[in-house]
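The values are calculated or read from the model by the stated rules, or taken from the named source; none is laboratory data. Please read all numbers here as calculations on a predicted model, not as lab measurements. When we count neighbours, we look across all protein chains shown, and the Cβ atoms used for this are built from the backbone with ideal geometry, even at glycine.
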Amino acid sequence: MPRDQGAAGFPVEYADIHFSVSRETRFATMKELYSASDGNPDLQDEIGTDVEVGFAYDKQVRLSSAIFYNSFKDLINSVRRPDGSKYYENIDRARISGFELEAGKPIRWLDLSANYTYLNARNQDTDKPLDLVPGHQFNFMLNGRPGRGFSFAVWGLATSECTVASSSGTLKAPGYFVAGASVDKTLSVLRLFLRADNLFNKSYVTIMRFTWHMAFRSVALNPQMKG
């Protein structure tokens, strides 16, 4: 249930400065409330207030940056038990602040973009880091369209280590790098799409909601007949 206010403007069309303030409520899911193993029917709604100021430039090269500050009341968080199970609880006060830098450049039939994000996420009740929020994240994307119905993409994501609280203490989740690639070929009556994820077969942990991804490399081929 977001509520937004903002402003944007700049005297030239290829540049922009923006400022926004938004307030959003996240309701606990049925699983978070009533799961037999880890539900908590006493969870309160999570309320967040987000403030952001940013700049964008798009002329021959794409550049953008933003500084943000997000504060939370009753942040819904998961806590890991020693046996590996988890339960949900509210954090009374929490914040996530940081900045983001992004750059991109088209070069003939190639387009390269990269993004860096710095995050400082704190549980203000305990003055400790929020679970599974790495301080540094870097990702890139390379798209190519050399012609003859052929296109490809390569992407990657790298993060620094982070921590997670459990009932037995604070654990460290190591940083990781994952990469993927896809190839697309369009023929006269057929389109072939091949995608591979987690090329280096890494185990990793996603942010905030404590989802472990076991080492697993996946490849998918999707042929489609053109109508």
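When restricted to residues that are small (G, A, S) and farther than 29 Å from A94 by Cα, region 108-155 contains 6. Looking only at region 83-132, residues that are within 18 Å of the chain's Cα centre (by Cα), of a type outside the set (A, V, I, L, M) and either loosely packed, with under 15 Cβ neighbours inside 10 Å or outside any loop (DSSP other than H, G, I, E, B) (or both) come to 14 in all. For the condition crowded, with 17+ Cβ neighbours inside 10 Å, of a type in the set (G, A, S) and part of a strand (DSSP E or B), A66 qualifies.
In region 40-81, which residues are within 20 Å of E24 (Cβ to Cβ) and over 23 Å from the mean Cα position of the chain (by Cα)? Even if it seems obvious, please write down each step before you answer.
In the first step, residues of region 40-81 are kept if they are within 20 Å of E24 (Cβ to Cβ); the result is 43-54, 66-78.
Listed by number, the residues that qualify are L43, Q44.
The single condition from (1) free of Cβ contacts under 8 Å to residues at least 40 places away in the same chain; (2) surrounded by 17 or more Cβ atoms within 10 Å (Cβ to Cβ); (3) under 30 Å from D197 (Cα atoms); (4) not hydroxyl-bearing (S, T, Y) that R80 fails is (1). If you go through region 177-227 and pick out every residue that is part of a loop (DSSP other than H, G, I, E, B), at pLDDT 65 or above and not hydroxyl-bearing (S, T, Y), you end up with 7. Candidates in region 41-52 are the residues that are in contact with a strand residue (DSSP E or B) (Cβ under 7 Å, 6 or more places away or on another chain) and surrounded by fewer than 16 Cβ atoms within 10 Å (Cβ to Cβ); of these, the one that is nearest to F19 (Cα to Cα) is V51.
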